[in-house]
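Chemist: Take this structure, written in C-alpha cells, and hold onto it; I'll ask about it next.
The values are calculated or read from the model by the stated rules, or taken from the named source; none is laboratory data. Model, not experiment: these values are computed from the prediction. We place every Cβ from the backbone using ideal geometry, glycine too, and count neighbours over all the protein chains shown. Note: accessible area is taken over every heavy atom of the protein model, side chains too, but ligands, DNA and RNA are not part of it. Shrake-Rupley method; radii C 1.70, N 1.55, O 1.52, S 1.80 Å.
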Amino acid sequence: MDCPSRNNRVLVIGATGNVGREVVRELNSTGVAVRAMTRNPDTANLPPQTEVMRGDLCLPETLDHCLDGVDTVFLVWAAPPAAVASAVERFERHARRIVFLSAPLKTPHPLFQQPNPQRVMFEQIEKRIEDSGLEWTYLRPGMFALNALGWWAPQIRRGDTVRWPFAALPTAPIHERDIAAVAARVLCEEGHAGADYVLTGPQSLTHAEQVSTIGRAIGRALHFEEISPDEWRRECLPVWPEPAVNMLLNAWSAAMGHPAIVTSAVSELTGFPARTFFDWAADHAAQFHRIPSGE
Ligand SMILES: NC(=O)c1ccc[n+]([C@@H]2O[C@H](COP(=O)([O-])OP(=O)(O)OC[C@H]3O[C@@H](n4cnc5c(N)ncnc54)[C@H](OP(=O)(O)O)[C@@H]3O)[C@@H](O)[C@H]2O)c1
C-alpha cells in the first residue's frame, strides 16, 4: 500500500500486542515513520526499522516523549479506566488525530449491547476523545478470531474434544491482520475524520462450526461437546476473572438465535477480501498442535 501521509509520524500504543504488532508491520511496509510505545522496550521484539520508546498509559508523564513530533496516535487501550483522562489530555496536547481500537458499541445486535465494565470504559474513552480537539476515527471489530486461542487451543492441544457452551451461537470472527490492514489504511489516509468502522470476518459461523474449521485447518477431526453455561462457568472460574466470564455468558446467551452481523468494511477499506476463519486457523495451526502425551 502506498502511504500519502508518509511524512506524518504515527505512534502505535499497544504495539507489542496482537493487533498493534500487525499494525506496526503494515505501517513499516508503507514507509511511514512508526514509533512504538511499550512498557518494556527490552522485550518488545519489534522490527528493526521501528523506533521503540518506553511509555505507560498509567504514567502520563512518560507519554510526553513518546508523543513528541507525532501526528497520529493508534490506540489500543489495555490500562485501567482511571488512566483515561490524563492519557487523552496528553494525546490532545501533542497529536492532531487519533485512531482508536474500540468495539461495536453502537451496533444494535445483542452480542454487542450487554452492559459490562469494558463497555463503560470504552464509552468513557470515546467521550474524552470527542471532547478533546483531536480528529478521531474508531475501528469497531467484533469477535477476534484470536479468541479461539484462549478459548479452545488448550483443549485441542490435549485432545480432540472441545467442551463449550452455545454450540449454535453464530459470530463472524475477524483476523487480526485484517484489523491491522484497515488501521494502516486509515492511518495513512486523510478523509476518515469522524468515521467509525464496524469490522467483522466475511462469514457467520457457529461455535461448533468454528471448532470444526480449526480441525480442517490442522488436519484433525474435532468433536464439539456442548455443555451448559453453568457447567462452563464452574470450569472457568478458577482460571478466568469473573467479569470476563460474566461478560461472555451474557453476550452469548443474549445473542442466541440472532444471525451474526457481517460487514463488508474490511474489503471496502483495504480493497482485498477479508480473511476467512479457515485462513486464520491455518495461520495459527502451530498453536493448536497436540502436546505429545507425557508432557
Ligand atoms: N478480543 C476481542 O474479541 C475484542 C473485540 C473488540 C475489541 N477488543 C479490544 O482489543 C484490545 C486488545 O487488543 P490486543 O489483543 O491487540 O491486545 P493485547 O495483545 O492484549 O496487547 C495489549 C497491549 O497493551 C499494552 N499495554 C498494556 N498495559 C499498558 C499500559 N499501562 N500502558 C501502555 N501500554 C499497555 C501492552 O504493551 P506492553 O506490555 O508492551 O507495554 C500490549 O502491547 C482491547 O482493548 C479489547 O477490548 C477485543
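Chemist: Taking the Cα centre of the chain as origin and charging only Cβ (+1 Lys, Arg; -1 Asp, Glu), how large is the dipole, in debye to the nearest 20?
Modeler: It works out to roughly 360 debye.
Chemist: Taking 8 Å as the Cα distance limit and 6 or more residues as the minimum spacing, I'd like the relative contact order of the chain as a percentage.
Modeler: 19 percent
Chemist: Rounding to the nearest 10 and keeping the result within 0 to 90°, find how far the Cα-based axis of helix 84-94 lies from the longest principal axis of the chain.
Modeler: So the helix axis and the longest Cα principal axis differ by about 40 degrees.
Chemist: Would you mind computing, in nm to one decimal, how far apart the modelled labels at Thr161 and Arg39 are, each placed 7 Å from Cα along Cα→Cβ?
Modeler: It is 3.9 nm.
Chemist: Within the set of other residues whose C-beta is less than 15 Å from the C-beta of Leu205, count the net charge using Lys and Arg as +1 and Asp and Glu as -1.
Modeler: 0
Chemist: Please figure out what share of the DSSP beta bridges in the chain is antiparallel and state it in percent, rounded to the nearest 5.
Modeler: 10 percent
Chemist: Let me ask something additional. Please compute the net charge surrounding Phe272, taking Lys and Arg as +1 and Asp and Glu as -1 over other residues with Cβ under 14 Å from its Cβ.
Modeler: Net of charged neighbours comes to -1.
Chemist: Here is a follow-up. So if I place +1 on the C-beta of Lys and Arg and -1 on the C-beta of Asp and Glu, and nothing else carries charge, what would the dipole magnitude of region 1-82 be about its Cα centre? I want it in debye, nearest 20.
Modeler: 160 debye
Chemist: Helix 207-218 versus the longest principal axis of the chain: what angle, 0 to 90°, nearest 10, using Cα atoms?
Modeler: Long axis of 207-218 versus the principal axis of the chain: about 80 degrees.
Chemist: Note the angle between two axes, namely the Cα long axis of helix 18-30 and the longest principal axis of the Cα atoms of the chain, as a number of degrees from 0 to 90, rounded to the nearest 10.
Modeler: Helix 18-30 sits at roughly 50 degrees to that axis.
Chemist: Another question, if that's okay. Which whole-angstrom value gives the distance between the alpha carbon centres of region 223-295 and region 40-102?
Modeler: 29 Å
Chemist: Could you tell me the calculated FRET efficiency between Ala221 and Gln124, based on Cβ-Cβ distance and R0 = 41 angstrom, to the nearest 0.05?
Modeler: Efficiency at R0 = 41 Å is approximately 0.35.
Chemist: Could you work out what % of the accessible surface of the chain is carbon and sulfur, using a 1.4 angstrom probe and leaving DNA, RNA and ligands out of the count?
Modeler: On the chain, the fraction of accessible area on carbon and sulfur atoms equals 51 percent.
Chemist: Classify region 252-295 as rounded, prolate or oblate, taking a ≥ b ≥ c as the square roots of the eigenvalues of its Cα gyration tensor: rounded when a/c is under 1.5, otherwise prolate if a/b is larger than b/c and oblate if not.
Modeler: Here region 252-295 falls in the oblate category.
Chemist: At 1.4 Å probe size, with every protein chain present, just tell me what the per residue accessible area of the chain comes to in Å².
Modeler: 45 Å²
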